[in-house]
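J.: The structure that follows is given in the form of structure tokens.
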Amino acid sequence: MTPLIIIDAVVAIALVLVGAAATELHLARTHLRSVADSAALDAADALDEAAYYRDGVLPGQGVPLDDDGVRRSATALLARTPQPADLIGLGVVAPTGSSDGMTAEVTLAAAVRPALLPAWIGDGVTIPLEVTSRAREGLVLP
């Protein structure tokens with residue numbers, strides 16, 4: 001009887017640890033997606049000033065965006081936003097930019113090391129996460 005109780009306890013503990021790790025990964029991914037959405041919205045508001053002052057805004061078109069402006073805006077937002085400690089190596093990665101001059105696309109990557117992962121599995125175990133978010137700029141002149 002005792003061996004069955006021990007086996008059941010080990011299985012129950014393993015299930016709790018796996019469930020907690022899966023929950024932590026889901027929360028980290030949700031946070032990463034939220035930050036990517038914020039960065040894309042912020043980048044959609046960042047206009048290419050050189051193109052704006054050179055070409056202006058044509059009726060029916062929005063304020064022009066460029067790849068460097070979107071990348072700079074996303075990186076700046078990431079730098080001023082506090083991040084949870086479980087996201088390792090959080091950064092802006094390719095493809096970040098604007099393919100059509102009106103849509104900001106931001107891709108963020110990070111790794112997560114579940115806190116409840118047993119020490120005997122190793123400290124170097126991380127799970128990579130990558131999310132992409134897009135936002136269209138909203139200023140369109142009639």
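The values are calculated or read from the model by the stated rules, or taken from the named source; none is laboratory data. Every value quoted in this text rests on a predicted model; they were computed, and no experiment measured them. Quick reminder, even Gly has a Cβ in these numbers, built from the backbone with ideal geometry, and neighbours come from all protein chains shown. Side chains included, ligands, DNA and RNA excluded: accessible areas come from the protein's heavy atoms. Shrake-Rupley method; radii C 1.70, N 1.55, O 1.52, S 1.80 Å.
J.: Would you please list the contacts, defined by Cβ atoms under 7 Å and residues six or more apart or on different chains, that run from a residue in segment 23-44 that is assigned to a helix (DSSP H, G or I) and polar (S, T, N, Q) to a residue that is buried (at least 19 other Cβ atoms within 10 Å of the Cβ) and modelled with pLDDT of 85 or more?
T.: If the second residue must be buried (at least 19 other Cβ atoms within 10 Å of the Cβ) and modelled with pLDDT of 85 or more, the pairs left are SER38/LEU77.
J.: To continue, here is another question. Which residue is nearest to ALA111 (Cα to Cα), if the candidates are limited to segment 16-27 and must be of a type in the set (A, V, I, L, M) and modelled with pLDDT of 85 or more?
T.: Restricting to residues being of a type in the set (A, V, I, L, M) and modelled with pLDDT of 85 or more, the top hit is LEU27.
J.: Across segment 61-72, which residue is modelled with the lowest pLDDT among those that are open to solvent by less than 60 Å² (accessible area, probe 1.4 Å) and part of a loop (DSSP other than H, G, I, E, B)?
T.: VAL63
J.: Could you check how many residues of segment 83-120 are more than 14 Å from the chain's Cα centre (by Cα), open to solvent by less than 20 Å² (accessible area, probe 1.4 Å) and closer than 21 Å to HIS26 by Cα?
T.: Number satisfying all stated conditions: 1.
J.: Inside segment 73-82, can you point out the residues that are more than 10 Å from ALA39 (Cα to Cα) and either open to solvent by less than 20 Å² (accessible area, probe 1.4 Å) or assigned to a helix (DSSP H, G or I) (or both)?
T.: Hits for segment 73-82 are ALA79, ARG80.
J.: Can you name the residue in segment 46-60 that is loosely packed, with under 15 Cβ neighbours inside 10 Å and of a type outside the set (Ser, Thr, Tyr) and is also modelled with the highest pLDDT among such residues?
T.: For segment 46-60, the residue satisfying everything is ARG54.
J.: Ok, one more. Take segment 99-140 and flag every residue that is modelled with pLDDT of 80 or more, under 17 Å from ASP37 (Cβ atoms) and small (Gly, Ala, Ser).
T.: Once the filter is applied, which keeps residues that are modelled with pLDDT of 80 or more, under 17 Å from ASP37 (Cβ atoms) and small (Gly, Ala, Ser), segment 99-140 yields ALA104, ALA109, ALA110.
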